[in-house]
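Participant: Before we start, here is the structure in question, set down as structure tokens.
The values are calculated or read from the model by the stated rules, or taken from the named source; none is laboratory data. Computed from a predicted structure; not experimentally measured. When we count neighbours, we look across all protein chains shown, and the Cβ atoms used for this are built from the backbone with ideal geometry, even at glycine. Quick note on the areas: whole protein, heavy atoms, side chains included, nothing else; ligands and nucleic acids left out. Shrake-Rupley method; radii C 1.70, N 1.55, O 1.52, S 1.80 Å.
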Amino acid sequence: MSKFIQIHTLTSYAPANLNREETGRPKTAKFGGFERLRVSSQSSKRNWRVSDVFQTSLAEHIGTRTKKLGVEVFNYLTEKEVKEEDARAWAIVIAGVFGKGKKDALEIEQLAHISPSEKAAVFALADQLAAENRGPQKDELQLLKAENQAADIALFGRMLASSPEFNVEAACQVAHAISVENVTVESDYFTAVDDLNAGKGDQGAAHIGDSGFASAVLYNYICIDKEQLVDNLSGDLELANKTIASLLECIAKISPKGKQNSFASHAYASYILVEKGEQQPRSLASAFVSPVKALDESENVTQIAVQRLESQIENFDSVYEPCADSRQSINVLTGEGNFKSLQAFAAD
């Protein structure tokens, strides 16, 4: 079993606003002295976790990341005809196992990532309390589990400030995706028309606004520590392989949700390279320190980026010795490779 699985992707996006900053403008970053479009790793991971691909393939192995466990428990208890006062008090105590509660509230202060087995234990306890019409005892509140079967927690980790012994070290590192080329964020000025305004008196728009957008080819880099992943999943190698295959499909096919209704910015990766080995991981982002630029209409930015990546791999291997034991790729531009085969390679 290879320790590290490194995934490199190139994905072309037509005009879009994939991931916004606080002003609504697409996120950017300076790299090599030039402005690049950027999608944060937080955005990528969130969209992968909640995607149909992930939810379908790993249905019984996905945790819940929430501040509102206490609200769910309260609603559950009241549905079982527990008095509201008691249900509220018991729900606050149970939610407090997963984080410090807000003052006089059912919510906890920070997001807690709760595994399916922990959630099942919470509601089994709620059933018992409702049946016996009593509050939880101290020994019944051992609801946190060290053994874990939640694929998303195993991949991306969790931190519980009040119970650090149940923290999980992330097995998957995700870079912020950046564009391989220099980008200019443009502004889309738009108006909305009132259907019932016949335009006889007021010919103005009912609403005006503007929205930032940009187009780019994004390079993304993901590194999975498979040993850590298997350890996080309590030694379940089969589930680890299933998790890797599902994650790779998400990486290839799931786009950020920002402004999807306005831009329909769904894109599959045009190029994916998977590397496996024991060697220390390294990103290939340095291939794009100088931004890619098509000199005329006969050149394809994505194809140039693929050439840059493959050249960078050869140079790293030449200088440092081979940086991976085995590699496999797909290239939509040339029609080379097969995604199912790539999944099998990554998850083997």
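Participant: Just name the residue that is nearest to Glu299 (Cα to Cα) out of those in region 234-244 that are polar (S, T, N, Q) and open to solvent by 10 Å² or more (accessible area, probe 1.4 Å).
Facilitator: Our first condition is that a residue be polar (S, T, N, Q); within region 234-244, this holds for 234, 241, 243.
From what is left, the residues that are open to solvent by 10 Å² or more (accessible area, probe 1.4 Å) are 234, 241.
On the way: Ser234: 49, Asn241: 38 Å.
It comes out as Asn241.
Participant: Please identify the pairs in which a residue from region 319-334 that is at pLDDT 95 or above has its Cβ atom under 9 Å from the Cβ atom of a residue that is basic (Lys, Arg), counting only partners at least 6 apart or on another chain.
Facilitator: Tyr320/Arg282; Cys323/Arg282; Ala324/Lys276; Asp325/Lys276; Ser326/Lys276; Arg327/Lys276; Gln328/Lys276
Participant: Mind checking whether some residue in region 134-149 is closer than 18 Å to Glu60 by Cα, touching a helix residue (DSSP H, G or I) at 6+ places or on another chain (Cβ under 9 Å) and part of a helix (DSSP H, G or I)?
Facilitator: Checking region 134-149: not a single residue is closer than 18 Å to Glu60 by Cα, touching a helix residue (DSSP H, G or I) at 6+ places or on another chain (Cβ under 9 Å) and part of a helix (DSSP H, G or I).
Participant: For the condition at pLDDT 95 or above, open to solvent by 20 Å² or more (accessible area, probe 1.4 Å), closer than 30 Å to Ala252 by Cα and of a type in the set (Gly, Ala, Ser), what is the one hit in Ala175, Ala124? I'd like the intermediate steps shown before the answer.
Facilitator: Values: Ala124 fails: closer than 30 Å to Ala252 by Cα.
Selected residue: Ala175, the only one of Ala175, Ala124 that is at pLDDT 95 or above, open to solvent by 20 Å² or more (accessible area, probe 1.4 Å), closer than 30 Å to Ala252 by Cα and of a type in the set (Gly, Ala, Ser).
Participant: Let me ask something else about it. Of the residues that make up region 137-159, is at least one open to solvent by 20 Å² or more (accessible area, probe 1.4 Å) and closer than 30 Å to Ser12 by Cα?
Facilitator: yes
Participant: Ok, one more. Count, please, the residues in region 245-266 that happen to be crowded, with 19+ Cβ neighbours inside 10 Å, aliphatic (A, V, I, L, M) and outside any helix (DSSP H, G or I).
Facilitator: The number of residues fulfilling the criteria is 1.
Participant: Determine whether Ala269 is in a loop (DSSP other than H, G, I, E, B), closer than 30 Å to Ile62 by Cα and of a type in the set (A, V, I, L, M, F, W, C).
Facilitator: Answer is yes for this residue.
Participant: Applying the selection to region 268-300, what residues are crowded, with 18+ Cβ neighbours inside 10 Å and of a type in the set (A, V, I, L, M, F, W, C)?
Facilitator: Ala269, Ile272, Leu273, Val274, Leu284, Ala285, Ala287, Phe288, Val292
Participant: Another question, then. Please state which one of Asp202, Asp210, Asp231 is open to solvent by 70 Å² or more (accessible area, probe 1.4 Å), acidic (Asp, Glu) and assigned to a strand (DSSP E or B).
Facilitator: On the way: Asp202 fails: assigned to a strand (DSSP E or B); Asp231 fails: assigned to a strand (DSSP E or B).
Answer to the selection: Asp210.
Participant: Here is a further query. Take region 33-57 and flag every residue that is closer than 21 Å to Ser12 by Cα and hydrophobic (A, V, I, L, M, F, W, C). Working first, answer last.
Facilitator: Just the residues of region 33-57 that are closer than 21 Å to Ser12 by Cα, to begin with: 34-48, 51, 53.
Listed by number, the residues that qualify are Phe34, Leu37, Val39, Trp48, Val53.
Participant: Mind listing whichever residues of region 93-104 are surrounded by fewer than 19 Cβ atoms within 10 Å (Cβ to Cβ) and in contact with a Leu (Cβ under 8 Å, 6 or more places away or on another chain)?
Facilitator: Val93
Participant: Still on this structure, I have one more. Consider region 213-228. How many of its residues are among the β-branched types (Val, Ile, Thr) and open to solvent by 70 Å² or more (accessible area, probe 1.4 Å)? I'd like the intermediate steps shown before the answer.
Facilitator: Narrowing region 213-228 to residues among the β-branched types (Val, Ile, Thr): 217, 222, 224.
Now narrow it down to the ones that are open to solvent by 70 Å² or more (accessible area, probe 1.4 Å): none.
The total comes to 0.
Participant: Please name all residue pairs, on different chains or six or more residues apart, with Cβ atoms under 6 Å, provided the first residue is in region 169-197 and is free of Cβ contacts under 8 Å to residues at least 24 places away in the same chain and the second residue is open to solvent by 30 Å² or more (accessible area, probe 1.4 Å) and in a strand (DSSP E or B).
Facilitator: Final answer for the pair search is Tyr189/Asp210; Thr191/Ile208; Ala192/His207.
Participant: Can you find a residue in region 121-139 that is under 23 Å from Leu239 (Cβ atoms) and touching a Leu at 6+ places or on another chain (Cβ under 8 Å)?
Facilitator: Yes, because at least one residue in region 121-139 is under 23 Å from Leu239 (Cβ atoms) and touching a Leu at 6+ places or on another chain (Cβ under 8 Å).
Participant: Taking region 1-10 only, how many residues are open to solvent by 20 Å² or more (accessible area, probe 1.4 Å) and assigned to a strand (DSSP E or B)?
Facilitator: Let us first name the residues in region 1-10 that are open to solvent by 20 Å² or more (accessible area, probe 1.4 Å), namely 1-4.
Filter again for assigned to a strand (DSSP E or B), leaving 4.
The total comes to 1.
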